[in-house]
Amino acid sequence: MAISEIALKRRLGGGRYALIGAGQLCEMVLDLWPADLSRPEFILDSHKLGFLRGIEIRDLTGHAPIPGVVYLVAAFKMSVQEIEAFLSQVGQSEILTAYDLLEEFTPDTFTNGWRNLTAPPDVISEVSRLPGYYADAVSRSICEAASAWRYERRLVRGYTICSETGKYDLGLRGRSGTHYRCVYDCGSYDLSLPAALARSGVTFAHFIALEPDPIRFAACAALMPALAASTNAVLDLRREAVSDREGTGPFLANGLFSARLVESHVAHAALIQVQTRTLSDLDEVLFDREEAGDDRILIKLHVESAEFAALRGAERLLREKRCDLLVNLSHDEVSYRAIPPYLSSLGCFDVTLHSHALFGEGLTLFARHQR
């Protein structure tokens, strides 16, 4: 039986924790760990020993359960069978994740672990229609599995989980060798998109990277000379956030994958004000409409729960130009539910879904323009 919302909250509030998995995701979780909670007592991993952020890494194999400790999964690429076998070993019946804890105690600044276990019938009906917006059976099965976890707390076995390196592989989406007039890399983070596109033989005349986080902006700036040496494209790195309005907005600038625009009521030591842009207006400023013609545009959105707002801000561009889209759908419920029907309403996209992780994480939507 799936755990109820009340029982989930009770388990997460237990006060003693251990993390399963000592990889990059675990590092981020420790960096975001709520200040008023006890730190994890230890980390379990099958391949690493030592310490991470001052916390001991112990061998997962043969670990004996410690009474009172809640085990949180912080490795989302384990198989369902591996997770279930370990939790059975330690006598924990419920699957709890590190994202569950962050969502529970820091919901204003972390939404990736969103869940809706008490959704009303109209929402459940809407969610049941989501698979129908995707163009192939694999995408539909991924959507069904993501919804099962987010809305029912049911972990589906056997659905397609791909390599993370494939999430921006346009060769898998029928765009090998495509030339784009412009690529908008929104939420550039580490400037890794051009390398992924190159592996598919994709080229571009202009590459616009938007990264509002100061730490990540500096990291991207340091990588720009190497990118410039590898391409003849015009490169532009901008410290701006994409949104549905021009202006400024509060931004959680923590230098991590979770850096994001936040609501105005949020208070946090890492908040700064950043410039917000709509892609429709930015494209119009950068390119003369007549000279730009009907050449293809590629838009990547990995902007930590601002994906739907960014698409609304790009609507004129989406209607007037041949745009292909790479959109992360894991960051918030609004994007997960609203973006597929929104793109369908535009009447010009074939939409597929790629997954590289469990728990409804690692979802990348590709919208391929039909012309």
> Any residue at all in region 53-60 that is within 27 Å of the chain's Cα centre (by Cα) and assigned to a helix (DSSP H, G or I)?
Replying inline: no
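So for region 265-282 (the condition being among the acidic types (Asp, Glu) and either modelled with pLDDT under 95 or crowded, with 21+ Cβ neighbours inside 10 Å (or both)), does at least one residue qualify?
Going residue by residue through region 265-282, those that are among the acidic types (Asp, Glu) are 281.
Applying the additional criterion that residues be either modelled with pLDDT under 95 or crowded, with 21+ Cβ neighbours inside 10 Å (or both) yields none.
Scanning region 265-282 turns up no residue that is among the acidic types (Asp, Glu) and either modelled with pLDDT under 95 or crowded, with 21+ Cβ neighbours inside 10 Å (or both).
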> Does Pro225 count as part of a helix (DSSP H, G or I), closer than 17 Å to Asp324 by Cβ and not β-branched (Val, Ile, Thr)?
Replying inline: no
> In region 88-134, which residues are aromatic (Phe, Trp, Tyr), under 30 Å from Asp350 (Cβ atoms) and more than 18 Å from the chain's Cα centre (by Cα)?
Replying inline: Tyr133, Tyr134
> Quick one: in region 29-49, which of the residues that are among the acidic types (Asp, Glu) and touching a strand residue (DSSP E or B) at 6+ places or on another chain (Cβ under 9 Å) is surrounded by the most Cβ atoms within 10 Å (Cβ to Cβ)?
Replying inline: Asp45
> Do we find a residue being acidic (Asp, Glu) and either closer than 30 Å to Met78 by Cα or crowded, with 23+ Cβ neighbours inside 10 Å (or both) anywhere in region 291-300?
Replying inline: no
> Of all residues in region 240-273, which are out of contact with any strand residue (DSSP E or B) (no Cβ under 7 Å at 6 or more places or on another chain) and among the charged types (D, E, K, R)?
Replying inline: Asp244, Glu263
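Of the residues Arg173, Arg199, which single one is open to solvent by 50 Å² or more (accessible area, probe 1.4 Å), in contact (Cβ under 8 Å) with a residue 12 or more places away in the chain and over 16 Å from the mean Cα position of the chain (by Cα)? Reasoning before the result, please.
Details: Arg173 fails: open to solvent by 50 Å² or more (accessible area, probe 1.4 Å).
After ruling out the rest, the residue left standing is Arg199.
The values are calculated or read from the model by the stated rules, or taken from the named source; none is laboratory data. Because the structure is predicted, anything quoted here is derived from the model rather than measured. Because the Cβ atoms are built from the backbone with ideal geometry, glycine has one as well, and the counts that use them run over all protein chains shown. Just so you know, the surface numbers come from the protein's heavy atoms only, side chains and all, with ligands and any DNA or RNA stripped out. Shrake-Rupley method; radii C 1.70, N 1.55, O 1.52, S 1.80 Å.
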